[in-house]
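Since the structure comes first, as C-alpha cells, the remarks are kept for the end.
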Amino acid sequence: MHNSNLPSREVDEWVRRALDDNGTIYTIDEPLLRKLQPDVILTQKLCDVCAVGYGTVAKLAQTLPGPPRVVNLEPTSLADIFDDVRRVADVCDVRERGEKLIGGLSERVENVRKRAETRPARPRCFLMEWVDPPFCSGHWGPELVEIAGGCDSLGRKHQPSAQIEWQQVLDARPEIIVLALCGYDIDRARRDYELLRRFPGFDSIPAAQTGEIHVVNASAYFARPGPRIIDSVEILAGILHPTEFPEFASRGPDDPRVVRIG
C-alpha cells in the first residue's frame, strides 16, 4: 500500500477504513507458513498499521504443527528495543550473541549522547511521522531526538504517535524538520515534502526559512525497532549537529539514509 501512488491523505483514509471494516490491512500466506514449519514466530502488538497483528498470528500459530512459539515484540522505548533483542536471542538460544550485540549498540548510543551533551544549544526539532494529516512522532522517536541533542516538543515520548493540528507545528516553530514518514523511503518522502510546502504558513517556520528540512529513509531505519534504530540516532545527530557529527551527516542528494531538501 505504501508503494502505491495514492496521496498521503488517501492512504490514511484507506488504512482507517480497512481497520474499521476488517481489523487489519494484512493477510498471512498460510500455505507458505505451513510449508516452512517454523519453530518460532516473531510478531507484535505495537501497531496494526505497521505489521500483521498479534492476535491474527497467534490464532493461526495454534493450528500449525508444534505449535510454534509465538513471541510478541512491543517496544515503546530504546530500552524496550534492547530487551526485545535479548528476548529474541534467548528464544533462539543465542543469548551470548544477543548480549554482545546489545553491548555494541549501547556503546554507539553513549557515544552520541556524550558528544551531543557538549553542544551549547538543543535545536527545536519536529520529527514528523506523516504529512497529511500531520502526525507527530511517538514511542522511541522523541527519545532518539533527545539523545542526538535536540528537543521535540510535539513528540509523544513512549506513547503512540498521534495526529496533530498543523497550527501546533506553526506554534512550535521548529528550527529543524525531519520527515521520517512511516513506511516511506527517501524518494516517496520527497513527494510529500512538496505537499508540505503548500501548507498555510509553511514559509513562516524557521526550518523552512533556513532550509533545514531533511527526509530520511524511515522504512529502513526510524520505523524499525531493532539494531538499525541506533543508525537512526546517528542520522539525527548528523542532522542536528553536523559539525560535531560529520561522519553521520548527509553525503548528498544520493545518500540512501538522509537528504537535506529544504
inquiry  = What number comes out for accessible area per residue over segment 120-262 if the probe is 1.4 Å? Units Å², please.
reply    = 40 Å²
note = Plugging the Cβ-Cβ distance of R198 and E117 into 1/(1 + (r/R0)^6) at R0 = 35 Å yields, to the nearest 0.05, a FRET efficiency of 0.40
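Where the convex hull is taken over the Cα atoms of segment 42-156, what is its projected area averaged over directions, in nm²?
On the way: hull surface 35.5 nm².
Projected over every direction and averaged, the Cα hull of segment 42-156 covers 8.9 nm².
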remark   = Highest mean packing first, using Cβ neighbours within 10 angstrom, the peptides 234-242, 158-166, 90-98 sort as 234-242, 158-166, 90-98
ask   = What is the distance, in nm, between label points placed 7 Å from the Cα along the Cα-to-Cβ direction at L64 and at C92?
value = 1.5 nm
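Given a Förster distance of 35 angstrom, what is the FRET efficiency for R228 paired with D39, based on the Cβ-Cβ distance and rounded to 0.05? Intermediate results must be reported in sequence, preceding the final value.
Numbers: r = 25 Å, r/R0 = 0.71.
Result of the calculation: an efficiency of 0.90.
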task = Determine which lysines satisfy two conditions relative to K35: a Cα distance under 22 Å, and not lying fewer than 8 residues away in the same chain.
result = K59
request  = Just subtract the alpha-carbon distance of E110 and L32 from 0.36 nm times their residue separation and send over the number in nm, one decimal.
outcome  = 23.9 nm
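Just the Kirkwood number for segment 119-262, please: inverse of mean 1/r across all distinct Cα pairs, in Å, one decimal. Walk me through the numbers before you get to the answer.
Working: mean 1/r = 0.0683 Å⁻¹.
Every distinct Cα pair counted, the radius reaches 14.6 Å.
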query = What angle, in degrees between 0 and 90 and rounded to the nearest 10, separates the Cα long axis of helix 8-22 from the longest principal axis of the Cα atoms of the chain?
reply = 30 degrees
ask   = Hey, what angle do you get for helix 95-117 against the long axis of the chain, alpha-carbon based, 0 to 90 degrees rounded to 10?
value = 10 degrees
message = Can you give the log10 of the normalised intensity I(q)/I(0) at q = 0.13, 0.14, 0.17, 0.18 Å⁻¹, computed with Debye over equal Cα scatterers of segment 156-213?
response = -0.36, -0.42, -0.63, -0.70
inquiry  = Given Cα positions, please report Rg to Rh for segment 61-105, the hydrodynamic radius being the Kirkwood one.
reply    = 1.09
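If packing is taken as the mean number of other Cβ atoms within 10 Å per residue, what is the order of 147-154, 184-191, highest first?
Values: 147-154: 22.2, 184-191: 18.9.
In descending order of packing, they fall as 147-154, 184-191.
Take each of the peptides 103-110, 37-44, 211-218, average the number of other beta-carbon atoms within 10 Å over its residues, and list them starting from the highest.
Values: 103-110: 13.5, 37-44: 15.5, 211-218: 23.4.
Final packing ranking: 211-218, 37-44, 103-110.
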ask   = Once the Cα gyration tensor of the chain is found, what semi-axes does its equivalent ellipsoid get, as square roots of 5 times the eigenvalues, in whole Å, sorted largest first?
value = 33, 24, 14
task = Compute the long axis of helix 186-196 from its Cα atoms, compare it with the longest principal axis of the Cα atoms of the chain, and write down the angle in degrees, 0 to 90, nearest 10.
result = 50 degrees
request  = For segment 109-149, count all C-alpha to C-alpha pairs, find those more than 15 Å apart, and express that count as a whole percent of the total.
outcome  = 47 percent
query = Ignoring ligands, DNA and RNA, what percent of the 1.4 Å accessible area of the chain is carbon and sulfur?
reply = 48 percent
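The values are calculated or read from the model by the stated rules, or taken from the named source; none is laboratory data. Predicted model only: the values in this text are computed from it and were never measured. Positions of Cβ are backbone-derived with ideal geometry, glycine not excepted, and every protein chain shown enters the neighbour counts. Keep in mind that these areas ignore ligands, DNA and RNA; they rest on the heavy atoms of the full protein, side chains included. Shrake-Rupley method; radii C 1.70, N 1.55, O 1.52, S 1.80 Å.
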